[in-house]
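Colleague: One structure follows; several queries about it will come next.
The values are calculated or read from the model by the stated rules, or taken from the named source; none is laboratory data. Please read these numbers as outputs of a predicted model, since none were measured by experiment. Don't worry about glycine lacking a Cβ; one is built from the backbone with ideal geometry, like all the others, and counts go over all protein chains shown. Note: accessible area is taken over every heavy atom of the protein model, side chains too, but ligands, DNA and RNA are not part of it. Shrake-Rupley method; radii C 1.70, N 1.55, O 1.52, S 1.80 Å.
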Amino acid sequence: MKLMAGNSNLPLARAVAAYLETELTHASVRRFADEEVFVEIHQNVRGEDVFVVQSTSFPANDNLMELLICIDALRRASAKRITAVVPYFGYARQDRKPGPRTPISAKLVANLITKAGADRVLAVDLHAGQIQGFFDIPTDNLYAAPVMAADIQTRYGSSDLMVVSPDVGGVVRARALAKRLDNAPLAIVDKRRDRPGQSEVMNIIGEVRGRACILIDDIIDSGGTLCNAAQALTDAGAASVTAYITHGVLTGAAVARVNGSALKELVITDTILATEATQQSDRIRILTIAPLIGEAIRRIADESSVSSLFD
Ligand code: R5P
């Protein structure tokens with residue numbers, strides 16, 4: 001088995017390699033002067049089971065091209081099986097047509113990865129589970145929930161917990177986390193605009209007064225969803241509000257927004273390489289999912305069960 005990495009998140013790839021007690025395959029993934037991507041693998045990979053670690057995070061298009069070209073290089077170097085390990089699968093939010101004459105980019109990206117030559121895909125907390133069906137090759141979707149649940153138990157285990165979904169769409173994810181936390185109660189933030197032009201009203205479904213609220217979501221991008229939900233929960237009398245989010249996309253002023261929010265803490269994972277602003281924020285903490293990805297890779301290579309990781 002061999003592990004290779006693009007440039008999107010080398011610290012994570014190295015941590016996965018350390019978990020697997022192996023080294024990253026010696027390869028150059030670089031740019032020509034006009035920014036075209038060039039990949040050269042400096043080791044023999046003929047007949048090998050190769051895992052390419054590359055998040056398609058910012059800059060999404062460059063990182064996606066790196067992934068595709070790495071896969072192409074491996075295929076032409078006669079790797080036996082190629083698994084695209086995409087801890088953060090970008091374009092996932094474009095998973096349906098929100099209006100006429102719009103693309104379904106998540107499907108297009110799935111086609112590109114398959115066409116480039118990937119035999120399998122391994123992702124973490126896909127924005128929607130059905131994106132697995134966009135691939136006609138085996139796709140494993142890992143959950144960060146066990147890593148988060150362990151951290152929550154350690155830090156907040158003795159508190160009066162309440163798991164909260166920041167929107168109606170995230171209820172399944174929140175319920176799954178609540179189950180891991182000894183069936184903690186569940187609340188939902190419901191955003192409504194009664195009439196066009198009126199400002200959005202946040203209704204909390206569930207009694208959060210005096211509770212240590214744990215907001216859970218897959219993505220924090222601008223931070224708007226989360227910070228507004230944190231404020232609504234605080235206004236409703238929550239004792240504290242902490243957020244656990246798998247993918248810290250954190251674009252624009254998101255870190256500043258989190259720093260000035262009602263959140264006690266934002267906990268993200270390392271599926272996306274943290275910016276300097278993120279690393280410097282004393283309100284943001286990063287959990288590693290390298291052992292989870294490493295263990296899934298080990299099991300895929302050994303042809304053993306991946307789902308039992310979540311039992
Ligand atoms: C939406 O469906 C996602 O689960 C996140 O809630 C959303 O992407 C967060 O975006 P933002 O941080 O920009 O509000």
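Colleague: Let me make sure I get this right: for the stretch 93-138, a, b and c are the square roots of the gyration tensor eigenvalues over alpha carbons, sorted descending. Under 1.5 in a/c it's rounded, otherwise prolate if a/b > b/c, else oblate. Which is it? Write out the running numbers ahead of the final one.
Modeller: On the way: a/c = 2.83, a/b = 1.54, b/c = 1.84.
Oblate shape, in that a/c is at least 1.5 and b/c is the bigger or equal ratio.
Colleague: Quickly rank 260-270, 299-309, 146-156 as a protection proxy: mean count of other C-beta atoms within 10 Å, highest first. Walk me through the numbers before you get to the answer.
Modeller: Numbers: 260-270: 20.7, 299-309: 12.5, 146-156: 17.1.
In descending order of packing, they fall as 260-270, 146-156, 299-309.
Colleague: Related question: Please give the residues of the stretch 217-241, grouped as numeric ranges, whose backbone N is less than 20 Å from a label point set 7 Å along the Cα-to-Cβ vector of ARG193.
Modeller: So the set is 221-232.
Colleague: Next up: Any chance you could list P(r) for the chain, counting all Cα-Cα pairs in 10 angstrom bins from zero, rounded to whole %?
Modeller: P(r) over the chain, rounded to whole percents: 6, 26, 33, 22, 10, 3, 0.
Colleague: Antiparallel versus total DSSP beta bridges in the chain: what percent is that, nearest 5? Numbers along the way, then the final one.
Modeller: Values: 10 of 51 bridges.
Counting DSSP beta bridges with both partners in the chain, the antiparallel share is about 20 percent.
Colleague: Could you compute Rg(Cα) / (2.2 N^0.38 Å) for the stretch 1-44, with N its residue count?
Modeller: Rg over 2.2 N^0.38 Å, computed on Cα atoms: 1.26.
Colleague: Per the 1.4 Å probe, what fraction of the accessible area of the chain, in percent, lies on carbon and sulfur atoms? Provide the component values of the computation, followed by the final result.
Modeller: On the way: 7010 of 14540 Å².
Percent of accessible area from carbon and sulfur atoms in the chain: 48.
Colleague: Anything over 26 Å Cα to Cα? Flag those among LYS97/LYS191; LYS80/LYS115; LYS2/LYS179; LYS107/LYS179; LYS191/LYS264, in the order listed. Kindly include the intermediate steps, with their values, before the conclusion.
Modeller: On the way: LYS97/LYS191 22 Å; LYS80/LYS115 16 Å; LYS2/LYS179 36 Å; LYS107/LYS179 31 Å; LYS191/LYS264 22 Å.
Beyond 26 Å between Cα atoms: LYS2/LYS179; LYS107/LYS179.
Colleague: Helix-only mean residue ellipticity at 222 nm, the chain, DSSP H runs n ≥ 4 weighted -39,500 (n - 2.57), per residue, nearest 500. What is it? Walk me through the numbers before you get to the answer.
Modeller: Details: 9 runs with 96 residues, N = 311.
Helix contribution divided over all residues of the chain: -9500 deg cm²/dmol.
Colleague: Quick one: length gained pulling LYS80 to ALA253 fully straight, 0.36 nm per residue minus the C-alpha distance? Before the final figure, lay out the partial values.
Modeller: Numbers: separation 173, 0.36 × 173 = 62.28 nm, distance 4.41 nm.
Result for the pair: 57.9 nm of gain on full extension.
Colleague: Still on this model: Could you state the accessible area per residue of the stretch 1-134 in Å², with a 1.4 Å probe and every protein chain left in place? All intermediate terms of the calculation are to be shown ahead of the outcome.
Modeller: Working: 6440 Å² over 134 residues.
Heavy-atom SASA per residue in the stretch 1-134 reads 48 Å².
Colleague: Now, a different point. How much length is gained if the chain between ARG285 and PHE310 is pulled fully straight, taking 0.36 nm per residue apart and subtracting their Cα-Cα distance, in nm to one decimal? Could the numbers behind the result be given before it?
Modeller: Numbers: separation 25, 0.36 × 25 = 9.00 nm, distance 2.33 nm.
Going from the current span to full extension adds 6.7 nm.
Colleague: Fully extended, how many nm does the chain gain between ALA18 and ILE104 (0.36 nm per residue separation, minus their Cα-Cα distance)? Intermediate values should be presented prior to the final figure.
Modeller: Numbers: separation 86, 0.36 × 86 = 30.96 nm, distance 3.67 nm.
Gain on extension, ALA18 to ILE104, equals 27.3 nm.
Colleague: If you take the square roots of the eigenvalues of the alpha-carbon gyration tensor of the stretch 1-160 and sort them as a ≥ b ≥ c, do you get rounded (a/c under 1.5), prolate (a/b over b/c) or oblate? Can you show the working numbers first?
Modeller: Values: a/c = 1.80, a/b = 1.19, b/c = 1.52.
Oblate is the answer for the stretch 1-160, as a/c is 1.5 or above yet b/c matches or exceeds a/b.
Colleague: Output ³J(HN,Hα) for the stretch 202-208: one whole-Hz value per residue in order, computed from phi by the Karplus curve 6.51 cos²θ - 1.76 cosθ + 1.60 with θ = phi - 60°, and x for Gly and Pro.
Modeller: Each residue of the stretch 202-208 in turn: 9, 9, 9, 9, x, 9, 9 Hz.
Colleague: How much FRET efficiency would the formula 1/(1 + (r/R0)^6) give for ALA60 and ALA33, where r is the Cβ-Cβ distance and R0 is 25 Å, rounded to 0.05? Kindly include the intermediate steps, with their values, before the conclusion.
Modeller: On the way: r = 22 Å, r/R0 = 0.88.
For R0 = 25 Å, the calculated efficiency reads 0.70.
Colleague: Once you order the gyration tensor axes a ≥ b ≥ c over the Cα atoms, which shape class does the stretch 145-288 get: rounded for a/c under 1.5, otherwise prolate or oblate by comparing a/b with b/c?
Modeller: Working: a/c = 1.61, a/b = 1.07, b/c = 1.51.
In terms of gyration-tensor shape, oblate.
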